[in-house]
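The values are calculated or read from the model by the stated rules, or taken from the named source; none is laboratory data. Every value quoted in this text rests on a predicted model; they were computed, and no experiment measured them. Cβ: placed from backbone, ideal geometry, glycine included. Neighbour counts: every protein chain shown. For the accessible areas, the whole protein counts, side chains as well, though only heavy atoms, and no ligand, DNA or RNA atoms are used. Shrake-Rupley method; radii C 1.70, N 1.55, O 1.52, S 1.80 Å.
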Amino acid sequence: MAMNYNAKDEVDGGPPCPPGGTAKTRRPDNTAFKQQRLPAWQPILTAGTVLPTFFIIGLIFIPIGIGIFVTSNNIREIEGNVFMYYGLSNFYQNHRRYVKSRDDGQLNGDPSALLNPSKECEPYRRNEDKSIAPCGAIANSMFNDTLELFQVGNASDLMPVPLKKKGIAWWTDKNVKFRNPPGTDPLAERFKGTTKPVNWVKPVYMLDSDEDNNGFINEDFIVWMRTAALPTFRKLYRLIERRSDLHPTLPAGRYYLNITYNYPVHSFDGRKRMILSTISWMGGKNPFLGIAYIAIGSISFLLGVVLLVINHKYRNSSNTADITI
């Protein structure tokens, strides 16, 4: 059946409806947003605007990158507080399934999630007919080597270097994200009905004798649960505090590192290492940021030079053609 077109109908939103009926139309409302009449601005890219941008980015990023890189490489002197890290290589904590394999409700002390963890934790959700606490692949693969540092005395005596195990986690993680199950009973009672992760030697409520550093609020556990973005990473293990302004934190001399080997790395062709470092205004030693700034600045500057040559060449060709014509 033919249908008559009426310009008034388009303006009004459609043909008139029967008395008592509702007008049916798929036409959007007559507003600036829905009719795409909002004011817009589109830059006109010319050689005069693009080339200076590339050169400015290069001239800014390259000096910043060099400064960051040099500062990072100068973090060597063992003065002030010293941070002890453990490092792993070829360990992909950024794998999608690995990152999701946790239950934040359980880690926050939710009693219902404690006994019924999220299915995201599979296959580390239940074991021996009990729920695993903490569940998931991240918790199951927690680093558990023990590192002890000794200073070798004149008579080959070993003097232990005090290693502080509290204060290594982020404040928000320690006080907001991670909580033990509520209650006044001993921690073992509050975790009743759960079992330890498959690869753990002892349950979560026996990680430390200090009640403020036990269970889900154990700082070694909290540090591990903050997954790394790259396969080669390091995590804070202990803090060596400076005891006197008159003496360095770690005096020059011989030191002995005792490692209790519990964490195997052969299965994923990984390597372990221990790092001692101080921090600067930009944090610990990490040359990646400086290298990234230098690379981006150099690429930008190089592109600017290439585009300048191309523009100069074709602009001259165009002017010559115009004169010939």
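Only residues that are under 20 Å from residue 123 (Cα atoms) and in a loop (DSSP other than H, G, I, E, B) were counted across the range 192-212, and they come to 9. Residue pairs whose Cβ atoms lie under 6 Å apart, separated by 6 or more positions or on different chains, with the first residue in the range 78-90 and under 15 Å from residue 251 (Cβ atoms) and in the same structural domain as residue 143 (by the TED database) and the second open to solvent by less than 10 Å² (accessible area, probe 1.4 Å) and modelled with pLDDT of 85 or more, are 82/240. Looking across 103, 110, one residue alone is over 21 Å from the mean Cα position of the chain (by Cα), among the acidic types (Asp, Glu) and open to solvent by less than 90 Å² (accessible area, probe 1.4 Å). It is 110. Within the range 155-170, being assigned to a loop (DSSP other than H, G, I, E, B), closer than 16 Å to residue 258 by Cα and in contact (Cβ under 8 Å) with a residue 60 or more places away in the chain holds for 161, 162, 163. Candidates are the residues of the range 178-191 that are part of a loop (DSSP other than H, G, I, E, B) and not aromatic (Phe, Trp, Tyr); the one that is least open to solvent (accessible area, probe 1.4 Å) is 181.
If only residues of the range 213-222 that are assigned to a helix (DSSP H, G or I) and open to solvent by less than 20 Å² (accessible area, probe 1.4 Å) are counted, the one that is nearest to residue 113 (Cα to Cα) is 216. Within the range 75-87, identify whether any single residue is open to solvent by less than 100 Å² (accessible area, probe 1.4 Å), touching a strand residue (DSSP E or B) at 6+ places or on another chain (Cβ under 6 Å) and modelled with pLDDT under 65, and answer yes or no. Within the range 75-87, one or more residues are open to solvent by less than 100 Å² (accessible area, probe 1.4 Å), touching a strand residue (DSSP E or B) at 6+ places or on another chain (Cβ under 6 Å) and modelled with pLDDT under 65. Pick out the one residue from 105, 65, 87, 109 that is small (Gly, Ala, Ser) and part of a loop (DSSP other than H, G, I, E, B). Going through 105, 65, 87, 109 in turn, the sole match is 109.
For the range 236-279: of the residues being hydroxyl-bearing (Ser, Thr, Tyr) and within 12 Å of residue 83 (Cβ to Cβ), which is modelled with the lowest pLDDT?
Of all residues in the range 236-279, those hydroxyl-bearing (Ser, Thr, Tyr) come to 237, 244, 249, 255-256, 260-261, 263, 267, 277-278.
If we keep only those that are within 12 Å of residue 83 (Cβ to Cβ) as well, we get 237, 249, 277-278.
Numbers: 237: 97, 249: 83, 277: 84, 278: 80.
Among residues in the range 236-279 that are hydroxyl-bearing (Ser, Thr, Tyr) and within 12 Å of residue 83 (Cβ to Cβ), the one modelled with the lowest pLDDT is 278.
For the range 119-154, the tally of residues that are free of Cβ contacts under 8 Å to residues at least 60 places away in the same chain and open to solvent by 40 Å² or more (accessible area, probe 1.4 Å) stands at 7.
Residues in the range 223-263 that are surrounded by 14 or more Cβ atoms within 10 Å (Cβ to Cβ), part of a strand (DSSP E or B) and either under 29 Å from the mean Cα position of the chain (by Cα) or not assigned by the TED database to the domain that holds residue 173 (or both): 8 in all.
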